[in-house]
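Asks: Questions regarding the structure given below will be posed in turn.
FYI, it's all coordinate maths here, none of it is from the lab. All values derive from a computational prediction rather than experimental measurement. Every residue, glycine as well, gets a Cβ built from its backbone with ideal geometry; the counts of neighbours run over all protein chains shown.
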Amino acid sequence: MQTSTLAQFSLAPAATELLTFEGARVARSAFSAKYRTFSVRGPLIENLFMPGVGEIAQRRQGDGATVDLAGFMVFPGLINAHDHLDFSLFPRLGQGPYPSWREWAADIHRSEESRIAECLRVPRETRLWWGGIRNLLCGVTTVSHHNPYLEQVFRAGFPVQVPDEFGWVHSLAEIHKVVERFAQTPLESPFILHLAEGTDQASQQEFDVLGHLVPVNERLVLVHCVGLTAQQWESAANSGTGIVWCPSSNLYTLGSTLSAERVRNLPNVALGTDSPLTVSGDLLDEIRFVHEELGVPAPFVYDLATSKAARLLRLRQGEGDLQTGSKADLIVARDKQLTPAEALVQMSWRDIELVMEGGRVVLLSASLAEHIPAELTDDMESIFVDGVERLIRAPVDKLLRQACLSFEGAPSISGRRLTLTKTNRSPDGRHQPSSDGTAIAARDDCFSLSGHKLAK
Ligand SMILES: [Zn+2]
C-alpha cells in the first residue's frame, strides 16, 4: 500500500474500551425510537438494551466511559449511494437542461475551462478528503464513490467508509470494458454504472444494450435511469435491478427525473447526491428535497438513505441499522420528539452533533465535545462551516492550506464556506510551507485537462 501524505493524520483507532451511551432515544426503524442504552467496543455496537435491563451485566465488566445523551436522538449513519469524492470542490457547472450527460460534459469543458482548471489544481488526494468531509458533515458514514478507488486514501483513517467490494465502469461510454469488468466482479458484489442519464434516443437504448452484455438482475446497480421506457422500467423492477436516484442532479442537467411514484414501486432503490458539479447541497438537502418538493413519504425516504441503500450496495456489517452486533455507524441530533423519519426529513447538517463511523468518533459539535472522553477526540481538528464549529477527524489545517493554494479566498463545499476561525479568515496558505514541515501532496497527481475529462 502506498503511503499517504494526509492519512497519517487521522489514524486514531476505534475505541477499544467500552463506551456506553445512555439517555437518548435510539431509532429502531423509520417509525419508532425508544429510550435505549447502548455500548460500543471496537468497531461494533456490542450491546443495545432497555435502560435497567442488561445494565448489571454491563456494569460488571467495569470498563469504559459513559456518555450522557439525554435530550438527543440516535440514528443509523446515513448512506450516500452515489458520489464522486474527487469532484468535491467544484461548483455546479453547466447551463442545462441538456439531452444527456454527454452534451453537459462537452459544454462545461468548452465554457468552464478556467474554473475546471482551478479545481483540478488541488491535488486529487486533497479533493477526495474534502469529498469525505462533505459527506461527514451531513451525517453520511458510508459513501459509494464512483471513480478509481485509492486504497492509500480510503483505508488509512478516512473519516467515512468507502466500500470497495464492487465492480464498475463509468457508463456505456466504456462499453468495451463492461463484459470484462463484470466477469472480474465477485458474484456477491454489485456492479455499478451510470445508465440512461439523458432523455434522448441514445439514452433510451442503453438499458437494452446493457442487457445484451450482462445479466440484468439484482447485482446490477444503475445510476440515474432517467431515459428508461415504461417497458424497460417493468423489466428493471421485475428483475430487482438496483437503481440509484439522484434527483437534484438529474433536474439540473436534464430538467427531468424519476417520479416519486416510480421510485416507490422499485424493489431495490437508494438515494445518491452525485457530485457538487451538478448538485448544490448534501444528502440531507436531497432528503428534504425529495420529501418536500417531490412528495416522497418520510418513512420511504428514511429507508432510501439507510436500509435500502445498505441492501443495494450489499453492505454486510449491519450498516443502516442500529442493533447489537452492527457496525457502530451512527449520528446524533437533538430529539424533537418526532418519529425518526419525520426528524430526518427536517434535518440539516447544522443538526448533526456527533458522528461515529466504525466505533470512531469522527465528528462532534462544540457542545457535545464536552461529553466525550478526551482520548477519543485525539487528532480531531476544528473547522468552521459557514461560521459553525465542528470538530472532525481530518487534517483540516493541511487540507485548507492545500485548497487555498488554488482558490482565491476560502474554499467551499456544498456552497458552504470553510474556515479555521469563526470570524472568517481563510487560512493564508499562499506561499507558505505546510505547518508541520512535511511535504504536501504532490501537484503531479492532479488530473490534467487533456488527459482526463470530467464525467460525473
Ligand atoms: Zn455520477
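Asks: Mind jotting down the three principal axis lengths of the chain based on Cα atoms? Whole angstrom, largest first.
Replies: 65, 56, 40
Asks: Something else now. Counting only DSSP beta bridges with both residues in the chain, tell me the antiparallel percent, nearest 5.
Replies: Here the share of antiparallel DSSP bridges comes out near 60 percent.
Asks: Convert each backbone phi in the range 325-340 into a coupling constant with the Karplus relation 6.51 cos²θ - 1.76 cosθ + 1.60 (shift: θ = phi - 60°), then list the ³J(HN,Hα) values in order as whole Hz, x for Gly and Pro.
Replies: These are the phi-based 3J(HN,Hα) values: x, 6, 4, 7, 10, 8, 10, 10, 9, 4, 7, 9, 6, 10, 5, x Hz.
Asks: Enter the mean projected area of the convex hull around the alpha-carbon atoms of the range 79-312, in nm², rounded to one decimal.
Replies: Average projection, Cα convex hull of the range 79-312: 11.9 nm².
Asks: Follow-up question, since we're still on this one. Give the long-range amide H neighbours of Val269: residues separated by 5 or more places, or on another chain, with amide H under 5 Å away, using H modelled in the peptide plane at 1.01 Å from N.
Replies: Amide H to amide H, under 5 Å and 5 or more residues apart or across chains, Val269 pairs with Ile243.
Asks: Additional query: Among Pro411, Leu363, Ala374, whose Cα sits farthest toward the positive end of the charge dipole of the range 362-419 (+1 at Cβ of Lys/Arg, -1 at Cβ of Asp/Glu, about the Cα centre)?
Replies: Pro411
Asks: Another question about this same structure. Tell me, Phe191, Phe166 in order of fewest to most beta-carbon neighbours within 10 Å? Provide the component values of the computation, followed by the final result.
Replies: Values: Phe191 23, Phe166 18.
In order of increasing Cβ crowding within 10 Å: Phe166, Phe191.
Asks: Between the range 231-267 and the range 342-401, what is the C-alpha centre distance in whole Å?
Replies: 33
Asks: How about the range 134-190: which GluC sites (Glu not before Pro) there lie in a loop by DSSP and see at most 10 other Cβ atoms within 10 Å?
Replies: Values: sites: Glu151, Glu165, Glu174, Glu180, Glu188; in loops: Glu165, Glu188.
When the GluC sites (Glu not before Pro) of the range 134-190 are filtered for loop state and at most 10 Cβ neighbours within 10 Å, Glu188 remain.
Asks: Quick one: which residues, 5+ away or cross-chain, put their amide H under 5 Å from the amide H of Gly198? H built at 1.01 Å from N.
Replies: The list, which skips near neighbours in sequence, is Val226, Gly227.
Asks: Over 32 Å between Cα atoms: which of Lys308/Lys336; Lys327/Lys422; Lys34/Lys422; Lys336/Lys422 fall into that group?
Replies: Lys327/Lys422; Lys34/Lys422
Asks: Could you work out [θ]222 nm for the chain from helices alone, using -39500 (n - 2.57) per DSSP H run of at least four and dividing by all its residues? Round to the nearest 500 deg cm²/dmol. Write down the numbers at each step before the final one.
Replies: Details: 16 runs with 131 residues, N = 456.
When only DSSP H runs of four or more count, the value is -8000 deg cm²/dmol.
Asks: Which GluC sites (Glu not before Pro) in the range 368-399 sit in a loop by DSSP (not H, G, I, E or B) and have at most 10 other Cβ atoms within 10 Å of their own Cβ?
Replies: Taking the range 368-399 and a limit of 10 other Cβ atoms within 10 Å, the loop GluC sites (Glu not before Pro) found are Glu370.
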